[in-house]
Structure formats: structure tokens, C-alpha cells
Amino acid sequence: MIVLQLNLIKMKHIIFDCDGVLIDTEIVAAEVVVNWFQTQELQMTVNEFIVEHTGKMFSHILRELMAAGQLPADLDIQATMDLLEPEVKNKMRPITGVKEVLESINLPKSVVSNSAVDYVDGALEKFGWAHYFEKPTFSAELVEKGKPSPLVYQLAIDTVGVDKSELIAIEDSYTGVQAALAAGIKTIGFLGGSHILHGHAERLESLGVAGLAKDHAELQQLLADMLKKGH
């Protein structure tokens, strides 16, 4: 195994998104939610959900659709979340190569997610990754607005005490990349989740990502290349 000595350059801390980077839940969430939409007489395909809503907070998605008249105006958001989130959790699975890339990074690591703290921490415990990450987990529930707002990333910057120029984020969604870049953090676009559709790489490139990785093996190599170039 190649151990990336990231501390040899200015980089001091790595930030990972959770869903779609560590765990392959974006496709699961899309399938679960789209199936539920049908019970509400809302017709949407899994691919449409992925394009329009991946990376957003679930509560925000529901509010958007309620405001658009696609879901009942009196929908109980918390009850809906309580109904669907256990099904998503039960079906979550790790993305291949996560453990290897985490072990290869000789730097402190954190998670910044739109998902709830309990959800993220539960996933890290379930797959035996909790010890790789610094505490606390940075969740959008801790700030006023979730991604694409940069607030959760700003919270991470302020808490870890590292200048944003010495951080790098790993994000899969358009929303997540927007948030990290808006916070001034160099960002790698990750394309290894099952939910990634044709054209997504180009969408992330249009935002100005520092690089793209199709899987975790390629992510390791990309980080190594960035080190060699002194970025």
C-alpha cells in the first residue's frame, strides 16, 4: 500500500463527504424516495431525482416539492423522514476501496455532510471507519443552511483550526462541490458512486474542481499526483 505523506506539502487536513463518497447510499435513497413519491401520486424517475436532488438535505427536497405543489402542503416532513430514512440506512453499503484510501492518507480527516450527525456516525461505526476521522462530524443540521451553502464547510474550517488553503475536500454531488468551493476549499470530484450518470463529470468540471476520480484507487493516485506537482 502506498502511504501518501500529505503533510510534506501545505495540505494539513482532508474533508470527506459521506453519501456518495464513503457509502453508496445516493442510489439507494433515490430508489426509496421515488417509490414513496408514487404513493403521493408524484411521478419521477430515479435518474430525474439524482439529477435534480442528489446532495440536498431530504427535508429541503420535500419543502421544494411542497412549495411547487407536487406534494401536499400539509405533509408532515419529520414523519416522512422517520418513515424513509430507516429503509435507506438498512440498505446502505460501502463504496469499494474506502478503507484503503483512508489508510493511505497520513493526515487528520473529517466528514462534512448534509446528513444528520447520528446517521453519519452510525454509518462510520457500522463499517469500522470511525477511528479514521476526527470528531465532531460536521452536519448541515448544525448550521442555518445545508449544502450548497458553504456554512457547514465554514464550520469545519473554524473548528479544525486549519487555513482553508491547507484543506482539500472530496465531494460527489454538484451541490456538495458548490458548497466546498464557495468556502474556498480546493475540491476533488468523486465519481465512484452507483448514482453517477453520464455527463456528471463535465458538470463538476464546470464548477472548477481540482480533479476528478472515478473510484477510490484513482483518488489515491490523484492525490499522489497533486503532491508531486506541489499543489
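The values are calculated or read from the model by the stated rules, or taken from the named source; none is laboratory data. Just so it is clear, the structure is predicted and the values come from calculations on it, not from any experiment. With ideal geometry, Cβ positions are generated from the backbone for all residues, glycine too; neighbour counts draw on all protein chains shown.
Annotations for the structure displayed:
- Failed item in (1) out of contact with any strand residue (DSSP E or B) (no Cβ under 6 Å at 6 or more places or on another chain); (2) crowded, with 20+ Cβ neighbours inside 10 Å; (3) not in a loop (DSSP other than H, G, I, E, B), with G55 passing the rest: (3)
- From the list V33, V98, the one residue that fits, being out of contact with any strand residue (DSSP E or B) (no Cβ under 6 Å at 6 or more places or on another chain), closer than 27 Å to T159 by Cα and aliphatic (A, V, I, L, M), is V98.
- L102 in the same structural domain as A224 (by TED's automatic domain parsing) and assigned to a loop (DSSP other than H, G, I, E, B): no
- Taken as a whole, the structure places L142 among residues that are touching a residue at least 24 places away in the same chain (Cβ under 8 Å), touching a Pro at 6+ places or on another chain (Cβ under 9 Å) and not aromatic (F, W, Y).
- Which listed residue, of A180, A210, A169, is touching a Lys or Arg at 6+ places or on another chain (Cβ under 9 Å) and within 16 Å of T54 (Cβ to Cβ): A180
- Summed over the range 58-86, residues that are over 29 Å from G199 (Cα atoms) and outside any loop (DSSP other than H, G, I, E, B) total 8.
- Exactly one residue out of M44, M57 is over 18 Å from the mean Cα position of the chain (by Cα) and of a type outside the set (F, W, Y): that is M44.
- Residue that is surrounded by the most Cβ atoms within 10 Å (Cβ to Cβ), among those in the range 19-41 that are at pLDDT 95 or above and under 15 Å from the mean Cα position of the chain (by Cα): L22
- Only one of V117, V101, V88 that is closer than 25 Å to V34 by Cα, out of contact with any Phe, Trp or Tyr (no Cβ under 6 Å at 6 or more places or on another chain) and surrounded by 18 or more Cβ atoms within 10 Å (Cβ to Cβ): V88
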